[in-house]
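All remarks here apply to the structure that follows.
The values are calculated or read from the model by the stated rules, or taken from the named source; none is laboratory data. Just so we're clear, the structure is a prediction, and the values are computed from it rather than from any experiment. Using ideal geometry, Cβ is built from the backbone for each residue, glycine included, and neighbour counts are taken over all protein chains shown.
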């Protein structure tokens, strides 16, 4: 299973780089840091996008949509040509902020800090379904995130699983020190709290397996590398917004062929 995850993740990286090569402009670092987390989520039996009453998924860090689109392509749920056509007509943007794939996107995300609140609505309306949310570690500074977490704790909402992509770099600065992740503060919310390596597939899967069985909502803090697997983009603040040079895209793409 772990070997399969690695193989699948490599294919998704190739699809992502192919989109970049075809002119799609994504946030490279923040996409690559959560790609392994999403690989296990969508290929480990937790979310089946083709099922009607599947678990719900919110990609709060909408700038990482390139990973999600690459998964849709890999699973043959959306064609690459359709995405290219939508892009040409300006019907999809650089975040999940233009709602054109409603069958697969449970909410559009652009402005950060709102997905947990939206996820609460989904969780209350669908008590028998899990609601998975991926947020960024800089995003957690938003007050709306904390209001939502307090509400989950107070109302004892038990079907949310919140994954924090802890890549330690925001869009503009390094954020290595963040006391909230290094203390027992989150555990005082009376939620399950897990700390994992966000690039070790077995560790990710074991954590997901535990989280879905527990009777309280969970927060998973996943230690990741911004730009993981994208050559010079790894841990490089420059590639939060900026695309790799064409020759580097081509070089890295060949690794995953």
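Can we say residue 37 is surrounded by fewer than 21 Cβ atoms within 10 Å (Cβ to Cβ) and within 25 Å of residue 118 (Cβ to Cβ)? Spell out the reasoning first.
Details: surrounded by fewer than 21 Cβ atoms within 10 Å (Cβ to Cβ): no; within 25 Å of residue 118 (Cβ to Cβ): yes.
For residue 37, the condition - surrounded by fewer than 21 Cβ atoms within 10 Å (Cβ to Cβ) and within 25 Å of residue 118 (Cβ to Cβ) - is not met.
The set of residues from the stretch 50-66 being over 17 Å from residue 24 (Cβ atoms) and either part of a loop (DSSP other than H, G, I, E, B) or over 17 Å from the mean Cα position of the chain (by Cα) (or both) comprises 50, 51, 52, 53, 54, 55, 60. Only one of the listed residues (243, 247) is out of contact with any strand residue (DSSP E or B) (no Cβ under 7 Å at 6 or more places or on another chain) and within 19 Å of residue 167 (Cα to Cα). That residue is 243.
Taking the criterion of being part of a helix (DSSP H, G or I) and more than 18 Å from residue 251 (Cα to Cα), the residues of the stretch 23-32 that qualify are 30, 31. Among the residues of the stretch 136-152, none qualifies, meaning not one is surrounded by 14 or more Cβ atoms within 10 Å (Cβ to Cβ), out of contact with any helix residue (DSSP H, G or I) (no Cβ under 8 Å at 6 or more places or on another chain) and within 23 Å of residue 213 (Cβ to Cβ).
Residue 227 falls short on exactly one of the conditions (1) modelled with pLDDT under 95; (2) surrounded by fewer than 20 Cβ atoms within 10 Å (Cβ to Cβ); (3) in contact with a helix residue (DSSP H, G or I) (Cβ under 8 Å, 6 or more places away or on another chain); (4) not in a helix (DSSP H, G or I), and that condition is (2).
Under the condition of being in a helix (DSSP H, G or I) and surrounded by fewer than 13 Cβ atoms within 10 Å (Cβ to Cβ), which residue from the stretch 68-90 is modelled with the lowest pLDDT?
Filtering the stretch 68-90 for residues that are in a helix (DSSP H, G or I) and surrounded by fewer than 13 Cβ atoms within 10 Å (Cβ to Cβ), the one modelled with the lowest pLDDT comes out as 88.
Scanning the stretch 107-116 for residues that are under 17 Å from residue 151 (Cα atoms) and in a loop (DSSP other than H, G, I, E, B) returns 113, 114. The residue of the stretch 170-200 that is modelled with the lowest pLDDT, among those that are in contact with a helix residue (DSSP H, G or I) (Cβ under 6 Å, 6 or more places away or on another chain) and closer than 27 Å to residue 237 by Cβ, is 171.
Taking the condition of being in a helix (DSSP H, G or I), modelled with pLDDT under 85 and crowded, with 16+ Cβ neighbours inside 10 Å, how many residues in the stretch 231-246 meet it? Step through it out loud before you land on a result.
Going residue by residue through the stretch 231-246, those that are in a helix (DSSP H, G or I) are 231-233, 237-240, 246.
After this cut, where a residue has to be modelled with pLDDT under 85 as well, the list is 237-240.
If we keep only those that are crowded, with 16+ Cβ neighbours inside 10 Å too, we end up with 237, 239-240.
Residues flagged as in a helix (DSSP H, G or I), modelled with pLDDT under 85 and crowded, with 16+ Cβ neighbours inside 10 Å within the stretch 231-246 amount to 3.
Let me confirm something: among 40, 20, which residue is assigned to a helix (DSSP H, G or I), at pLDDT 95 or above and in contact with a helix residue (DSSP H, G or I) (Cβ under 6 Å, 6 or more places away or on another chain)? Before the answer, list the steps.
Details: 20 fails: at pLDDT 95 or above.
The match here is 40.
If I filter the stretch 51-59 for residues that are crowded, with 22+ Cβ neighbours inside 10 Å, touching a helix residue (DSSP H, G or I) at 6+ places or on another chain (Cβ under 7 Å) and within 17 Å of residue 110 (Cα to Cα), do I get at least one hit? Looking through the stretch 51-59, at least one residue is crowded, with 22+ Cβ neighbours inside 10 Å, touching a helix residue (DSSP H, G or I) at 6+ places or on another chain (Cβ under 7 Å) and within 17 Å of residue 110 (Cα to Cα). Do we have any residue at all in the stretch 57-66 that's over 23 Å from residue 209 (Cβ atoms) and without any contact (Cβ under 8 Å) to a residue 24 or more places away in the chain? No, because not a single residue in the stretch 57-66 is over 23 Å from residue 209 (Cβ atoms) and without any contact (Cβ under 8 Å) to a residue 24 or more places away in the chain.
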